[in-house]
1. Taking the range A:166-208 as the search range and keeping residues that are closer than 24 Å to A:G26 by Cα and touching a Ser or Thr at 6+ places or on another chain (Cβ under 7 Å), which one is farthest from the other protein chains (Cβ to nearest Cβ)?
2. Sort out for me the helices (runs of 4 or more DSSP H) sitting completely within the range B:1-100 that have 1 or more residues that are more than 7 Å from chain A (Cβ to nearest Cβ) and surrounded by fewer than 15 Cβ atoms within 10 Å (Cβ to Cβ).
3. Quick check on the range A:92-101. Is at least one of its residues over 17 Å from the mean Cα position of the chain (by Cα) and touching a residue at least 40 places away in the same chain (Cβ under 8 Å)?
4. Being within 7 Å of another protein chain (Cβ to nearest Cβ) and farther than 13 Å from B:A11 by Cβ is true for just one of A:V88, A:V49, A:V73. Which residue is that?
5. Could you list, in sequence order, all residues of the range A:31-46 that are within 12 Å of B:I9 (Cα to Cα) and either within 8 Å of chain B (Cβ to nearest Cβ) or buried (at least 21 other Cβ atoms within 10 Å of the Cβ) (or both)?
6. Restricting attention to the range A:91-101, report how many residues are in contact with a Pro (Cβ under 9 Å, 6 or more places away or on another chain) and facing another protein chain (nearest Cβ under 7 Å).
7. Considering only residues that are surrounded by fewer than 23 Cβ atoms within 10 Å (Cβ to Cβ) and farther than 16 Å from A:A165 by Cβ, look in the range A:52-70 and name the one that is nearest to the other protein chains (Cβ to nearest Cβ).
8. May I ask you to say which residue of A:A72, A:A27, A:A63 is touching a Leu at 6+ places or on another chain (Cβ under 8 Å), at pLDDT below 95 and among the hydrophobic types (A, V, I, L, M, F, W, C)?
Amino acid sequence: MDEPLPERGMILRTAIGIGLYAMAFGASFGAISVGSGLSLGQTIALSLVMFTGASQFAFVGVAASGGSPFAAVPAALLLGVRNAFYGVPISEILHPRGFARLWTAHFVIDETTAMAVSQATPRGKRYAFWATGLTLFCLWQLGTLAGALVGRAVNPADIGLDAAAPAVFLALLWPMLRRPQARWVALGGALVALALVPITPPGIPVLASAIVALVAGLLPARQPMESIDERDSA
Amino acid sequence: MSPLWMAVIIAAVGCYLLKLAGVSLPESILNHPKVQRVAQLLPIAMLSALVAVELFDGGRAYSADWRTLAGVAAGVIALLLRRGFLVVFLIAISVTALLRLIT
């Protein structure tokens, strides 16, 4: 047996705090999802398998806007792209090989990455990744189920749930807007989407906003990149 | 299987495969600065577009419910006051619900 990890208690307390927060976030997802017309089973499937908040909200947001549900697929995927980039620091910490990659990958999200990279020791990093990942996964499912049951029992508009999705997106977006370039990209994305609302099928305006990110990202950089551990989690 | 179920499964498995790609691909691809910059800006442009569409999209036409707008505006005030996600969420839905109840 190894020495007990000194910072174990601290990491676990933080992981539980993040998990409780995720449970509330999951409950709002569950309520919005059934309010958008997804079934209980579809809502739970998204939380279990997709298991990445922003993509799940985007999926139900676009699916609810009418038109083909397949328009929601690329929106969810494009928002999930950032998880692929978290794989770089996580691979350095956990060195997953073979089959271990298959289950490790599922837990590579904003919160687990932020927790893992912010620990001082390699053991602390590994412990933080799994403590956060497993706590958050369980509470995310519980929250989703509770929210979906509440959402089914009441008329979503009566409890103001139509304001929930835009408010959640704004809360996710807010910490990313510290740099001026980010604000311009946000403004550009919103304007492109709004301009396309009357002329394209539902789902296309949100997808088209990705072009703003593509153009801004490929322009020559004027300021250094933020490193991954300085980024706020969403 | 309904189209919505198929879309749910494709999107969910796709998001998992993106995570799997992250822990499997050679680092050199993901460490490219331009690739990283685009990846960092993607959620910013798209979340902002989602806010705009949620508030003003009436299905190929613009429409908005002032009660929803007021609720989200109250949420923005909470964000300016550095409140967390949960407070922002609760303020936005309660202001909207309240305005709907009294109007």
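1. A:G203
2. Details: elements: B:3-24, B:27-30, B:33-56, B:66-80.
Answer list for the range B:1-100: B:3-24, B:27-30, B:66-80.
3. Step one: of the range A:92-101, the residues over 17 Å from the mean Cα position of the chain (by Cα) are A:92-101.
Those still in the list that are touching a residue at least 40 places away in the same chain (Cβ under 8 Å) too: none.
No: zero hits.
4. Numbers: A:V49 fails: farther than 13 Å from B:A11 by Cβ; A:V73 fails: farther than 13 Å from B:A11 by Cβ.
Answer to the check: A:V88.
5. Let us first name the residues in the range A:31-46 that are within 12 Å of B:I9 (Cα to Cα), namely A:41-46.
Residues satisfying the conditions are A:Q42, A:T43, A:A45, A:L46.
6. Of all residues in the range A:91-101, those in contact with a Pro (Cβ under 9 Å, 6 or more places away or on another chain) come to A:93.
From what's left, facing another protein chain (nearest Cβ under 7 Å): none.
Final tally of qualifying residues: 0.
7. Looking at the filtered set, the residue picked out is A:F70.
8. Numbers: A:A72 fails: touching a Leu at 6+ places or on another chain (Cβ under 8 Å); A:A27 fails: touching a Leu at 6+ places or on another chain (Cβ under 8 Å).
Result of the check over A:A72, A:A27, A:A63: A:A63.
The values are calculated or read from the model by the stated rules, or taken from the named source; none is laboratory data. Nothing here was measured: the structure is a model prediction, and the numbers come from that model. Reconstructed Cβ throughout: ideal geometry from the backbone, glycine too, with neighbour counts over all protein chains shown.
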